[in-house]
Every structure is written in C-alpha cells, then in structure tokens.
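> I'd like to ask some things about the structure below.
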Amino acid sequence: MIEAELKARVHTPEAVTQALDDRADARVEVYKDSYYDQPDGELSRAGKELRVRTVHGAHGAHTFLTFKGASVDETSGSKPEYETRVEDAAAAHAIVRGLGHVLVIAFEKRCRNYAFEACGRHMLATLVRVPEVDGTFLEIETLVEEHDVSAALDDIRSVLGDLDIGPEDLTRDTYTDAVSAQRAT
C-alpha cells in the first residue's frame, strides 16, 4: 500500500485544532522516533526509511517497525509503507542494529491524531509539534493502491482546503532534516 500524504505548515493551530475537534475525537500521543540506515547511507540515498517508533498515549506504549520505500509521487513524496507492531522496543532496536543498521537520528514528536472519513476514504490527520523545530505541522494521509495516489492526494487537498490550508502552506521538508539542522547549529 502507498501512504498518500500531504504535510503543511499550520499558521493558525488553534483554529485548525478546533476544526479537527469538530470533525473527530483527538488521540493525543508522543512519538519517540529512531531512524536507521546502512553505515554508508544507502537507504537515505535511495529515498527509503527504516524507523522504530514507540507511541506513548492514554492506553500505554506501543512500538512499531516501519519501512518506507522510495517515493512514488515526487510532488507529495508519498511512499509505499510497511509497518508492523512489535512487542518489545528494545528487541526491535537490537534486531535492526544486529542487521547492520546504525542509528542516524532520534527525536520526539508531539501529536494530536484524528481518524475520520472524508471523500469516501479513511483519513488520518495529525497535528505535529517537534520540540526542536519551530512551528506546528499538519499531516493528512490515507492508504491507497499505487494507481489511486493522484486521486487520493486531490481528496487530501480538499480536506486541507476545508481547514483553510492552501497549496502555499504545503511542505516536503522532513522532521529528520529539520532536527539535524537544528542540532548542527
């Protein structure tokens, strides 16, 4: 499956939060993300990602191992995504390292998630704050087959428009790059 996703910088977080609260119940969570690569940076050069994420929320902590393939849509950066829940976070990190991967970067994301139906699709909207990065971001995603990516992105743009977020607010900047740049200063 392809994670069709658009990310935008949010200029009025309170208004967007209220609009999303009116649409669905919020799930407040903190993500602890660790990104891995081969020692020579092979995954990054190919536009791929390997991540171990531990999500802390109202119902405890859950860990996920995720691999994202290279982008299938250059405008949005949408990628194939394969994710599975793992029982033991320490074991997941040990397995990834044991396979020869090295930790590239780890950071925290503070998220407010909203699951809802729009345009006939199941969507997930996530308001994101990364303590090391200025601003609030909104990610909206839906899982689709590769042939449906363009239509799904149009539907996501429609939802963004309903939230008064326009094309000028869209960004392909990554949290990993922003955190790396911040730590380099």
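> For the range 1-40, which positions are part of a strand (DSSP E or B) and among the basic types (Lys, Arg)? Show your work before the answer.
Step one: filter the range 1-40 for residues part of a strand (DSSP E or B), giving 2-10, 26-37.
Of everything in the range 1-40, those that are part of a strand (DSSP E or B) and among the basic types (Lys, Arg) turn out to be LYS7, ARG9, ARG27, LYS32.
> Okay, next question. Checking VAL104 against (1) closer than 24 Å to ASP73 by Cα; (2) of a type in the set (A, V, I, L, M); (3) surrounded by 15 or more Cβ atoms within 10 Å (Cβ to Cβ), which test does it fail?
Against the list (1) closer than 24 Å to ASP73 by Cα; (2) of a type in the set (A, V, I, L, M); (3) surrounded by 15 or more Cβ atoms within 10 Å (Cβ to Cβ), VAL104 comes up short only on (1).
> Checking GLY100 against (1) in contact with a Pro (Cβ under 9 Å, 6 or more places away or on another chain); (2) in a strand (DSSP E or B); (3) farther than 18 Å from PHE137 by Cα, which single condition isn't satisfied?
Failing condition for GLY100: (2).
> For the range 103-137, which residues satisfy the criterion of being within 24 Å of LEU43 (Cβ to Cβ), charged (D, E, K, R) and part of a strand (DSSP E or B)?
GLU108, LYS109
> Please go through the range 69-94 and give me each residue that is among the polar types (S, T, N, Q) and at pLDDT 95 or above, ordered by number. Even if it seems obvious, please write down each step before you answer.
Quick first cut of the range 69-94, residues among the polar types (S, T, N, Q) only: 71, 75-76, 78, 84.
Hits for the range 69-94 are SER71, SER76, SER78, THR84.
> Right, here's the next one. Please go through the range 8-40 and give me each residue that is surrounded by 16 or more Cβ atoms within 10 Å (Cβ to Cβ) and farther than 27 Å from LEU163 by Cα, ordered by number.
Result: LYS32, ASP33, SER34, TYR35, TYR36, ASP37, GLN38.
> Taking the options LEU50, LEU43, name whichever one is part of a helix (DSSP H, G or I) and either touching a residue at least 60 places away in the same chain (Cβ under 8 Å) or surrounded by 13 or more Cβ atoms within 10 Å (Cβ to Cβ) (or both).
Values: LEU50 fails: part of a helix (DSSP H, G or I).
Only one candidate passes the filter, namely LEU43.
> For the range 138-148, how many residues are surrounded by fewer than 19 Cβ atoms within 10 Å (Cβ to Cβ) and either more than 14 Å from the chain's Cα centre (by Cα) or outside any strand (DSSP E or B) (or both)?
Residues that pass the stated criteria total 4.
The values are calculated or read from the model by the stated rules, or taken from the named source; none is laboratory data. In this text the structure is predicted, and so the values were computed from the model without any measurement. Here the Cβ is made from the backbone with ideal geometry for all residues, glycine too, and neighbour counts use every protein chain on show.
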